[in-house]
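These notes concern the structure reproduced below.
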Amino acid sequence: MNIYENINLNKVIIGSCMMTALGFSKISDSVATTMKEAGQNFVVIDELFDRAGELISSFTGGEDTCVTSSASAGIALSVAGIITGKNLAAVEMLPLTDGPKKVILQKGHSVNYGAPVTTMIRLGGGTPVEVGQSNSTSIDHLEEAIDDETVALMYIKSHHCVQKGMLSIEEMVEVAKKHNLPLIIDAAAEEDLKVYLEKGADLVIYSGAKALCGPASGLVTGRKDLIDAIKMQYKGIGRAMKIGKVGIMGLLKAIEEYSNLDLMESAKRQKELAKLLCDRLADEENVTTSIVQDEAGREIYRTKVMLNPDKTDMSGKEFLAKLHEGPIEVHVRKHYINLGIINVDMRALNEEEIDFIATKIKDILK
Ligand SMILES: *Cc1c(COP(=O)(O)O)cnc(C)c1O
């Protein structure tokens, strides 16, 4: 029994990868060991913040970095830091400000990733201003919205956003520079830790628990003067979003491992596991299986399991609901469930779990 089963909760097997609702990504043994040691020893916390920022910056190319409790906290604290600068009285006054502090984003970027991105802007004292239409923004829309009360531009890089008809990062950078405004990029779930700063963003935000497979944590990396102002928020609203030494050390270890990750080695392992699931289901005539690469072309391989309409009447939805049933729930990627297709992501799985998934599928289709 795992520790969640010990308190009467279902065991969950993740063939979907990186979903907050299911407890984030899986941390490695060495991240777990690091967190144990971090919790059992003491350090001057301000010095740890500064040193962690320095170390993480070597991976991001930022002038400095501030660690946060989540990417959401990173958004709120970035907005707060831009509004207050290093003025202690202003830091202590938040979330109140003298007048609206507008943060402009494209309407197609105003997404809900579990919570609205606009809520995090407000939490940091900002007033979100959405420009353009949900599927179309022009540079005019953006420039016409900029006024004396505007403090920043924000760009959300995410599969949640509308992808067509939006301004590019390059266009946002150009407008930000022309109007002397900082550009914040929320890249919470993205894999490349450098590219958005290289493109000209002033601040870039990542989640520690998504691609990086760290504990619940986040980071903001970029311009030194802004990072200093963001760190100061821990004397104000940031106190409610505290990350402790355990989270900081876990995040540091996760980034170090992530930067050493051999993508080819990981892809090879994923293909082996994907083949194992295909093999285990080879004699199950109600499904057809194949190994597929990630739609976005990343080095990620999954097993596609398609219900055979000639053999079974079960709908994709029904199939998924049965996979979710306890006592051991199986969660998979369900983007094509209307077509009777599930995709099983291998990154958080081992051989034993794949056997379990195959057996569960067979039992469901009996
Ligand atoms: C997940 C996500 C966040 C929030 O990340 P947390 O670390 O869970 O707070 C923010 N923005 C986008 C685009 C996301 O996908």
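Some observations on this one:
- Neighbourhood net charge (13 Å Cβ-Cβ; Lys/Arg +1, Asp/Glu -1) for residue 84: 0
- Ranked by the mean number of other Cβ atoms within 10 Å per residue, highest first, peptides 305-315, 110-120, 250-260, 72-82 order as 72-82, 250-260, 110-120, 305-315.
- In this simple spin-label approximation, residue 312 and residue 336 carry label points 7 Å from Cα along the Cα→Cβ vector, and these lie 1.6 nm apart.
- Under 13 Å, Cβ to Cβ, from residue 174 - net charge with Lys/Arg +1 and Asp/Glu -1: 0
- Pairs exceeding a 24 Å alpha-carbon distance, out of 271/362; 164/199; 107/235; 157/275; 177/253: 107/235; 157/275; 177/253.
- Value at 222 nm in deg cm²/dmol, rounded to 500, when DSSP H runs of n ≥ 4 in the chain each add -39,500 (n - 2.57): -11500 deg cm²/dmol
- With K and R counted +1 and D and E -1, the other residues having a Cβ less than 13 Å from that of residue 233 yield a net charge of +3.
- Shown in residue order for segment 205-210 are the 3J(HN,Hα) couplings computed by the Karplus curve 6.51 cos²θ - 1.76 cosθ + 1.60 at θ = phi - 60°: 10, 10, 8, x, 9, 9 Hz (x for Gly and Pro).
- When peptides 324-331, 152-159 are sorted by average Cβ neighbour count within 10 Å, with the highest value leading, the order is 152-159, 324-331.
- Contact order for the chain, expressed relative to its length and based on alpha carbon pairs under 8 Å spaced 6+ residues apart, stands at 22 percent.
- For the pair segment 113-169 and segment 196-273, the centres of their Cα atoms are 23 angstrom apart.
- Computed from point charges on the beta carbon alone (+1 for Lys and Arg, -1 for Asp and Glu), the dipole magnitude for the chain about its Cα centre is near 540 Debye.
- Ligands, DNA and RNA left out, the 1.4 Å accessible surface of segment 1-87 is 55% carbon and sulfur atoms.
- Cut-off under 5 Å, modelled amide H: who pairs with residue 340 long-range: 316
The values are calculated or read from the model by the stated rules, or taken from the named source; none is laboratory data. Because the structure is predicted, anything quoted here is derived from the model rather than measured. When we count neighbours, we look across all protein chains shown, and the Cβ atoms used for this are built from the backbone with ideal geometry, even at glycine. Each accessible area value is taken on the protein alone, full model and side chains, heavy atoms only, with ligands, DNA and RNA left out. Shrake-Rupley method; radii C 1.70, N 1.55, O 1.52, S 1.80 Å.
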